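Q: Pasting a structure below so you can have a look.
The values are calculated or read from the model by the stated rules, or taken from the named source; none is laboratory data. Model, not experiment: these values are computed from the prediction. For neighbour counting, all protein chains shown are included, and Cβ atoms are generated from backbone atoms with ideal geometry for every residue, glycine included.
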């Protein structure tokens with residue numbers, strides 16, 4: 001709770017600090033703010049508390065999700081390079097402030113104990129992302145992406161609110177604990193039909209945010225059109241917060257209605273796996289490939305969300321952390337390469353722009369390759385154990401066919417992830433030495449080393465979760 005108050009104050013402070021400090025200093029101050037907020041979050045460990053009229057609850061699980069979200073925000077800020085040197089059109093203090101406010105919304109989504117808090121957190125996060133997606137005002141792709149994201153997001157918000165309304169109509173409460181008690185103590189056959197519709201509509205609203213098929217159509221265009229640094233933010237923080245909220249609902253108050261929602265969710269997870277992986281195979285743009293990759297990873301996470309095993313919580317947390325580290329590293333290298341190639345080739349974000357990267361930039365090539373290997377689920381990386389834990393949870397419920405499909409789609413994923421590795425190491429190209437700022441380099445190697453450590457010692461972190 002104290003982290004939410006602190007981040008809100010930090011965001012407001014950033015707006016004023018922008019008048020007095022240069023952009024590089026603002027970046028360092030924002031990083032300091034995030035470190036302080038993480039320290040405040042850790043201080044609530046093992047203290048389950050209710051806040052704001054029992055509408056907000058802190059638990060160890062919500063603290064873990066909050067830490068992953070804030071860690072992702074830390075890396076995004078570190079990779080922002082102070083948002084370039086364009087003093088006229090880029091305003092880093094405002095960007096950093098909006099990012100801090102969006103982290104507040106994400107933390108509300110992982111700690112809510114009241115349906116209205118879920119809605120408020122989702123809207124704080126969403127509105128911030130609408131603004132950041134269209135922040136490159138001179139880029140038509142950015143403008144188009146912002147409009148698409150806003151229209152689709154607004155429509156889905158209506159679906160979510162309608163679902164919350166139906167659940168309230170059936171239970172007469174917005175409080176998670178009250179709803180859970182009513183649903184557990186009431187026989188399913190005596191519940192009104194519109195309650196089940198409301199549950200499904202709430203799940204659909206959150207599935208949009210995690211880019212699950214068939215609610216994924218906005219993702220490739222929005223990811224491609226948004227400035228890459230905000231695409232990094234969107235693909236990690238938004239996805240983690242939305243999955244945490246979805247898991248909190250289906251494992252808690254909607255757990256007694258498992259038979260109602262489990263089959264639709266399993267069907268959507270399998271559809272998401274197929275659409276995400278097959279579509280990624282045909283992409284020539286690394287950015288669009290990572291967009292469809294994000295869709296496919298939503299499918300993997302949906303499998304374990306539906307499993308309802310004792311280890312499901314730790315599996316989701318581990319997968320979220322491993323996915324976050326690999327994704328921010330991949331996007332970080334993409335930012336550097338696309339900036340270098342922007343004046344040299346027509347499409348700087350394509351795989352062809354990475355050809356020959358290893359010759360003069362072996363460090364960047366290694367970090368990029370390890371991140372792709374982790375996303376592909378190759379052993380000795382964090383991504384391998386993330387998928388292993390998810391498959392184990394699902395298989396433990398004797399659910400065979402979704403696991404078989406997920407394994408087959410993982411094999412498909414190896415193909416398109418290795419396209420990037422082949423371009424980096426086995427294709428000829430002329431990429432000179434790319435100058436990387438010290439902070440950027442440290443953050444990039446931290447993600448890479450973290451991916452390897454989690455791959456070699458998975459229980460090091462999973463035991464904490």
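Q: Evaluate the following for residue 380: is it in contact (Cβ under 8 Å) with a residue 24 or more places away in the chain and either within 15 Å of residue 286 (Cβ to Cβ) or crowded, with 19+ Cβ neighbours inside 10 Å (or both)? Working first, answer last.
A: On the way: in contact (Cβ under 8 Å) with a residue 24 or more places away in the chain: yes; either within 15 Å of residue 286 (Cβ to Cβ) or crowded, with 19+ Cβ neighbours inside 10 Å (or both): no.
Considered against the rule, which asks whether it is in contact (Cβ under 8 Å) with a residue 24 or more places away in the chain and either within 15 Å of residue 286 (Cβ to Cβ) or crowded, with 19+ Cβ neighbours inside 10 Å (or both), residue 380 comes out as no.
Q: Considering (1) in a helix (DSSP H, G or I); (2) surrounded by fewer than 19 Cβ atoms within 10 Å (Cβ to Cβ), say which one residue 125 fails and leave the rest.
A: Exception for residue 125: condition (2).
Q: Please enumerate the residues belonging to region 245-255 that are under 16 Å from residue 187 (Cα atoms) and buried (at least 17 other Cβ atoms within 10 Å of the Cβ). Even if it seems obvious, please write down each step before you answer.
A: Narrowing region 245-255 to residues under 16 Å from residue 187 (Cα atoms): 253-255.
Within region 245-255, 253, 254 meet the criteria.
Q: Taking region 285-317 as the search range and keeping residues that are under 18 Å from residue 388 (Cα atoms) and not in a helix (DSSP H, G or I), which one is modelled with the lowest pLDDT?
A: Checked region 285-317; the qualifying residue modelled with the lowest pLDDT is 310.
Q: Filter region 271-284 down to residues that are surrounded by 20 or more Cβ atoms within 10 Å (Cβ to Cβ) and outside any helix (DSSP H, G or I), then give me how many there are.
A: Matching residues across region 271-284 total 1.
Q: Within region 383-400, track down each residue that is out of contact with any helix residue (DSSP H, G or I) (no Cβ under 7 Å at 6 or more places or on another chain), touching a residue at least 12 places away in the same chain (Cβ under 8 Å) and assigned to a helix (DSSP H, G or I). Explain how you work it out, then say what you get.
A: Step one: filter region 383-400 for residues out of contact with any helix residue (DSSP H, G or I) (no Cβ under 7 Å at 6 or more places or on another chain), giving 388, 392, 396-400.
Those left that are additionally touching a residue at least 12 places away in the same chain (Cβ under 8 Å): 392, 396-397, 399.
Residue satisfying the conditions is 392 alone.
Q: Continuing with the same structure: Collect the residues in region 183-200 that are under 22 Å from residue 55 (Cβ atoms) and crowded, with 17+ Cβ neighbours inside 10 Å, keeping them in residue-number order.
A: 183, 195, 198, 199
Q: What residue, of 438, 451, is free of Cβ contacts under 8 Å to residues at least 12 places away in the same chain and either closer than 19 Å to residue 65 by Cα or exposed (fewer than 14 other Cβ atoms within 10 Å of the Cβ) (or both)?
A: On the way: 451 fails: free of Cβ contacts under 8 Å to residues at least 12 places away in the same chain.
Answer to the check: 438.
Q: Any idea how many residues of region 201-222 are under 17 Å from the mean Cα position of the chain (by Cα), over 13 Å from residue 302 (Cβ atoms) and buried (at least 24 other Cβ atoms within 10 Å of the Cβ)?
A: Selection size over region 201-222: 3.
Q: Identify, by number, the condition in (1) modelled with pLDDT under 90; (2) assigned to a helix (DSSP H, G or I); (3) touching a helix residue (DSSP H, G or I) at 6+ places or on another chain (Cβ under 6 Å); (4) surrounded by fewer than 22 Cβ atoms within 10 Å (Cβ to Cβ) that residue 465 doesn't meet.
A: Among (1) modelled with pLDDT under 90; (2) assigned to a helix (DSSP H, G or I); (3) touching a helix residue (DSSP H, G or I) at 6+ places or on another chain (Cβ under 6 Å); (4) surrounded by fewer than 22 Cβ atoms within 10 Å (Cβ to Cβ), the lone unmet condition for residue 465 is (2).
Q: I would also like to ask the following. Based on this model, can you work out whether residue 322 counts as closer than 23 Å to residue 459 by Cα, modelled with pLDDT of 90 or more and within 23 Å of the chain's Cα centre (by Cα)? Outline the logic, then answer.
A: Values: closer than 23 Å to residue 459 by Cα: yes; modelled with pLDDT of 90 or more: yes; within 23 Å of the chain's Cα centre (by Cα): yes.
Here the answer is yes, as residue 322 does meet what is asked.
Q: Search region 349-367 for residues being in contact with a helix residue (DSSP H, G or I) (Cβ under 6 Å, 6 or more places away or on another chain) and not in a helix (DSSP H, G or I), and hand back the single one that is surrounded by the most Cβ atoms within 10 Å (Cβ to Cβ). Show your work before the answer.
A: Quick first cut of region 349-367, residues in contact with a helix residue (DSSP H, G or I) (Cβ under 6 Å, 6 or more places away or on another chain) only: 349, 351, 353-355, 357-358, 364-365, 367.
Next, only the ones that are not in a helix (DSSP H, G or I) stay: 349, 355.
Details: 349: 23, 355: 19.
Among those residues, the one meeting the criterion is 349.
Q: Can you find, within region 42-64, the residue that is nearest to the chain's Cα centre (by Cα) among those that are in contact (Cβ under 8 Å) with a residue 60 or more places away in the chain and within 20 Å of residue 11 (Cβ to Cβ)?
A: Among residues in region 42-64 that are in contact (Cβ under 8 Å) with a residue 60 or more places away in the chain and within 20 Å of residue 11 (Cβ to Cβ), the one nearest to the chain's Cα centre (by Cα) is 56.
Q: Given the options 414, 378, 370, name the one that is part of a loop (DSSP other than H, G, I, E, B), at pLDDT 90 or above and within 23 Å of the chain's Cα centre (by Cα).
A: 378
Q: Checking residue 400 against (1) at pLDDT 85 or above; (2) within 25 Å of residue 295 (Cβ to Cβ), which test does it fail?
A: Of the numbered conditions (1) at pLDDT 85 or above; (2) within 25 Å of residue 295 (Cβ to Cβ), the odd one out for residue 400 is (1).
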